[in-house]
Amino acid sequence: MTAALYKRTRIAPTPSGYLHLGNVLSFAVTVALTRNNDVKVLLRIDDLDRARVNKLYIQDIFDTLNFLGIPWDEGPRDAKDFEDNYSQLHRMDLYIEALEQLADQKFVFACICSRRQVSGSGNSDSCPCAELNIPLATENSSWRLMTMDHDPIVVKDYNDQVTKVFLPAEMHNFVVKKKDGFPAYQLTSVIDDLFYDVDLIVRGEDLWPSTLAQHQLAASLRKNTFNDISFYHHPLLTEPSGKKLSKSEGATSIKYLRESGLKPVQVYNLIASMLGVKENVSNWEKLAQLIIPGK
């Protein structure tokens with residue numbers, strides 16, 4: 001696979017649990033796509049889910065990357081460096097500015113529905129709040145983006161090929177500000193990727209709806225340079241049942257495996273076996289070769 005010329009990509013774990021084997025696969029693919037093209041890899045830790053963030057999980061990110069020898073070029077070198085210089089809390093003014101812009105343009109509405117009420121239908125269009133003109137300052141309300149689906153979203157891939165697709169129903173009117181007052185993931189991810197001048201985003205194929213939502217949000221914010229970012233969506237590592245791995249599954253966490261005495265090569269071979277590969281896989285580079293065509 002031949003890539004266009006890129007400047008920067010990122011690995012962006014969320015410290016809401018211990019990293020698992022699926023995270024490692026994603027990190028390996030991200031780094032492997034960059035090593036032969038002089039692309040910088042940024043470590044960006046998404047820590048605005050304050051109810052779930054734990055310092056132990058932040059430390060686990062560095063422990064996992066260092067244990068498995070996965071390199072990164074930019075960003076924090078340890079947990080203290082992250083807290084002091086790179087936490088998303090340091091960029092709150094950027095997120096608030098974006099939220100205020102959406103509010104000024106009347107692109108958001110306040111929602112008092114519970115998550116269960118909306119997610120139960122599988123379609124955020126079912127939320128009645130868009131028609132109620134609830135004040136944005138209403139306590140315990142979230143803000144939802146008024147999405148538009150009359151034009152297809154254009155997404156550029158790793159090889160500069162484009163896909164045109166409409167925003168899926170489950171991403172209509174998605175949340176940009178949570179009930180706790182913090183900006184939501186979709187908004188912070190867009191703002192951070194633009195702030196750090198990221199032009200290649202690697203993520204699991206399950207996040208394709210998020211990619212589309214973020215393009216919709218960037219258009220609402222008139223952040224046209226977001227369209228210049230290329231995306232690579234890789235296959236997921238799954239359980240035998242076909243369910244994707246979760247941070248709640250302790251037996252697949254790198255911390256558990258490391259403390260059980262496994263060496264890095266054993267971890268990589270375990271991932272390979274879950275992909276149905278029996279050959280020896282000794283490092284992140286060989287692991288990535290199992291996923292990336294032409295590698």
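Of note:
- Verdict on residue 191 being open to solvent by 50 Å² or more (accessible area, probe 1.4 Å), among the hydrophobic types (A, V, I, L, M, F, W, C) and modelled with pLDDT of 95 or more: no
- Region 110-138, residues that are modelled with pLDDT of 90 or more and loosely packed, with under 11 Cβ neighbours inside 10 Å: 135, 137
- Residue-level check: of (1) of a type outside the set (A, V, I, L, M); (2) in contact (Cβ under 8 Å) with a residue 60 or more places away in the chain; (3) buried (at least 21 other Cβ atoms within 10 Å of the Cβ), residue 69 misses just (3).
- Residues that are touching a Pro at 6+ places or on another chain (Cβ under 8 Å) and open to solvent by less than 50 Å² (accessible area, probe 1.4 Å) within region 29-56 comprise 31, 41, 43, 45, 46, 47, 48, 53, listed in sequence order.
- Contacts under 8 angstrom Cβ, first residue in region 209-234 being at negative phi, partner charged (D, E, K, R) and assigned to a loop (DSSP other than H, G, I, E, B), 6 or more apart: 228/199; 229/199; 230/160; 230/199
- Residues that are touching a helix residue (DSSP H, G or I) at 6+ places or on another chain (Cβ under 9 Å) and either hydrophobic (A, V, I, L, M, F, W, C) or open to solvent by 40 Å² or more (accessible area, probe 1.4 Å) (or both) were ranked within region 91-100; the one that is nearest to residue 43 (Cα to Cα) is 94.
- Residue list for region 128-165, filter: under 10 Å from residue 109 (Cβ atoms) and charged (D, E, K, R): 131, 144
- Top-ranked residue in region 235-264 [being among the acidic types (Asp, Glu) and part of a loop (DSSP other than H, G, I, E, B); ranked as modelled with the highest pLDDT]: 239
- Check on residue 60, more than 19 Å from residue 202 (Cα to Cα) and either at pLDDT below 95 or open to solvent by 20 Å² or more (accessible area, probe 1.4 Å) (or both): no
- Out of 16, 26, one residue alone is part of a loop (DSSP other than H, G, I, E, B), open to solvent by 10 Å² or more (accessible area, probe 1.4 Å) and within 23 Å of residue 237 (Cα to Cα). It is 16.
- Residue tally, condition among the hydrophobic types (A, V, I, L, M, F, W, C) and more than 15 Å from residue 31 (Cα to Cα), over region 60-82: 5
- Residues that are loosely packed, with under 14 Cβ neighbours inside 10 Å and either under 23 Å from the mean Cα position of the chain (by Cα) or part of a helix (DSSP H, G or I) (or both), drawn from region 267-283: 273
- Lone qualifier among 39, 108, 31 - being within 21 Å of residue 185 (Cα to Cα) and of a type in the set (Val, Ile, Thr): 108
- For the residues 179, 164, 156, the requirement of being over 12 Å from residue 210 (Cα atoms) and within 18 Å of the chain's Cα centre (by Cα) singles out 156.
The values are calculated or read from the model by the stated rules, or taken from the named source; none is laboratory data. This structure is a prediction, so every number in the text was calculated from the model and none was measured. Cβ sites come from the backbone with ideal geometry, for glycine too, and all protein chains shown count toward neighbours. With ligands, DNA and RNA removed, areas are computed over all heavy atoms of the protein, side chains included. Shrake-Rupley method; radii C 1.70, N 1.55, O 1.52, S 1.80 Å.
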